[in-house]
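Structure, as structure tokens:
Derivation of every value follows stated rules applied to the coordinates shown; laboratory data play no part. Since the structure is predicted, the reported quantities are computational estimates derived from the model, not experimental observations. Neighbour counts are summed over all protein chains in view; Cβ atoms, including those assigned to glycine, are modelled from backbone coordinates with ideal geometry.
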Amino acid sequence: MAKEPLIELKGVSKTFSDQVILDQIDLTIYRGEALVIIGPSGTGKSTILRLIAGLISIDAGEVYIKGKLRKGLIDDGNKPMRIALVFQQAALFDSLNVDENVGFFLYEHSKLPRQKIRQLVEEKLAMVGLQGIATRYPSQLSGGMRKRVSFARALIADPDNPVDNPEIVLYDEPTAGLDPISSTIIEDLVRRLQKSSGGCDTYVMVSHQNSTIRRTADRVIFLYGGKIQWEGAVDEIDSNDNPLMRQFFSASVQGPIRVID
């Protein structure tokens with residue numbers, strides 16, 4: 001059975017000031033896959049996530065969502081599916097407690113009773129292993145806990161409105177700044193949410209961290225110089241002869257990747 005394309009970038013380019021970040025990128029994301037985008041810092045990996053999410057515009061090319069051409073930025077009144085974005089720094093509201101952060105989308109955009117929303121919040125917190133913390137504030141949480149709260153917020157949806165269920169989650173460096181044990185917890189959680197009821201079976205992740213790439217990816221693309229320089233299965237990382245990939249994973253300062261002091 002052919003894989004179903006969820007999102008397609010066709011000839012997509014993006015420039016900031018006079019710097020070309022993406023240069024006629026072609027990329028297809030399929031339902032049910034775990035795609036990880038890698039490459040040196042500043043090569044446009046997070047830009048791809050924001051383009052997919054509809055937060056920034058493209059300069060050239062086309063973006064298709066479930067086969068439908070998207071024009072302009074995200075349009076809540078005419079969206080073929082919900083795309084959830086988990087920011088690198090969790091991006092929680094410091095003045096709101098965990099319940100209000102996780103349930104923010106429903107408190108603001110649904111007609112559900114507050115008690116029902118609180119129940120849904122507790123269900124999502126349980127999914128990410130954080131039962132009983134709904135009344136805490138972000139300042140009372142560790143870095144890893146804040147990341148998991150942001151996962152719960154991305155996945156919460158109105159059960160009376162199935163279109164609100166995210167069909168893809170975009171993770172921007174979910175293990176950045178975490179110790180190895182906390183990173184392992186997040187990596188395991190990402191995979192578990194992909195396979196669990198109430199989670200989301202498709203995700204795209206940006207990561208620099210070796211363990212995260214190897215433990216969360218099915219397919220990997222390497223971005224450099226505005227182009228996709230390599231694409232393959234995660235188990236092909238060590239067997240390919242691409243010099244950019246070899247330099248990246250060996251952390252060598254010698255090679256085709258320009259090193260900026």
Checking V12, V220, V206 against a Gaussian network model of the chain (alpha-carbon springs below 10 Å), the top fluctuating residue turns out to be V12
By how many degrees, between 0 and 90 and to the nearest 10, does the Cα long axis of helix 143-155 differ from the longest principal axis of the chain?
80 degrees
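Nearest 0.05, what FRET efficiency do T135 and D235 give at R0 = 41 Å with Cβ-Cβ as r?
0.40
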Roughly what angle does helix 114-127 make with the longest principal axis of the chain, taking Cα atoms, 0 to 90 degrees, to the nearest 10?
40 degrees
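When N is the residue count of the stretch 164-242, what does its C-alpha Rg come to as a fraction of 2.2 N^0.38 Å? Could you put the intermediate results ahead of the total?
Values: Rg = 13.5 Å, N = 79, 2.2 N^0.38 = 11.6 Å.
Normalised by 2.2 N^0.38 Å, the Cα Rg of the stretch 164-242 equals 1.17.
Summarise the long-distance tail of P(r) for the stretch 23-167 by giving the % of C-alpha pairs beyond 25 Å.
Working: 3879 of 10440 pairs.
Value for the stretch 23-167: 37 percent of Cα pairs lie more than 25 Å apart.
Out of the stretch 130-205, which trypsin sites (Lys or Arg not before Pro) are coil in DSSP terms and have no more than 16 other C-beta atoms within 10 Å?
On the way: sites: R136, R146, K147, R148, R153, R191, R192, K195; in loops: R136.
Passing both the DSSP loop test and the Cβ count: R136.
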Which value, in debye to the nearest 20, describes the size of the charge dipole of the stretch 5-250 about its Cα centre when Lys and Arg Cβ atoms bear +1, Asp and Glu Cβ atoms bear -1, and nothing else is charged?
460 debye
Taking the Cα centre of the stretch 1-53 as origin and charging only Cβ (+1 Lys, Arg; -1 Asp, Glu), how large is the dipole, in debye to the nearest 20?
140 debye
Three-way shape call for the stretch 30-115 based on the alpha-carbon gyration tensor, with the a/c threshold at 1.5:
oblate
Listed residues S17, S211, S57, most fluctuating in the chain (Gaussian network, C-alpha, under 10 Å):
S17
Mind checking which of Q131, A176, Q194 is farthest towards the positive end of the stretch 5-250's charge dipole, using Cβ charges of +1 (Lys, Arg) and -1 (Asp, Glu) about the Cα centre?
Q131
Could you tell me the relative contact order of the chain? Use alpha-carbon pairs under 8 Å, at least six residues apart, and round to a whole percent.
23 percent
Phi angles of the stretch 170-176, converted by Karplus (6.51 cos²θ - 1.76 cosθ + 1.60, θ = phi - 60°) into ³J(HN,Hα) in whole Hz with x for Gly and Pro, give 9, 9, 9, 6, x, 10, 4
Charge dipole of the chain about the Cα centre (unit charges at C-beta), most positive-ward option of T212, Q229, I21
T212
Once every DSSP H run of n ≥ 4 in the chain is given -39500 (n - 2.57) and the sum is divided by its residues, what mean residue ellipticity at 222 nm do you get, rounded to the nearest 500 deg cm²/dmol?
-8500 deg cm²/dmol
What per residue convex hull volume, in Å³, comes out for the stretch 109-261 when only alpha-carbon positions are used?
154 Å³
Highest GNM mean-square fluctuation, the chain, Cα pairs closer than 10 Å: which of L193, L125, L69?
L69
Among S46, N161, I56, flag the residue with its Cα farthest along the positive direction of the charge dipole of the chain, charges on Cβ as +1 for Lys/Arg and -1 for Asp/Glu.
N161
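Compute the convex hull volume of the Cα atoms of the stretch 5-250, divide it by the residue count, and report the result per residue in Å³ as a whole number.
Details: hull volume 31.8 nm³, N = 246.
Each residue corresponds to 129 Å³ of Cα convex hull volume.
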If the chain between D94 and S252 were fully extended at 0.36 nm per residue, the gain over the current Cα-Cα distance would be 52.9 nm
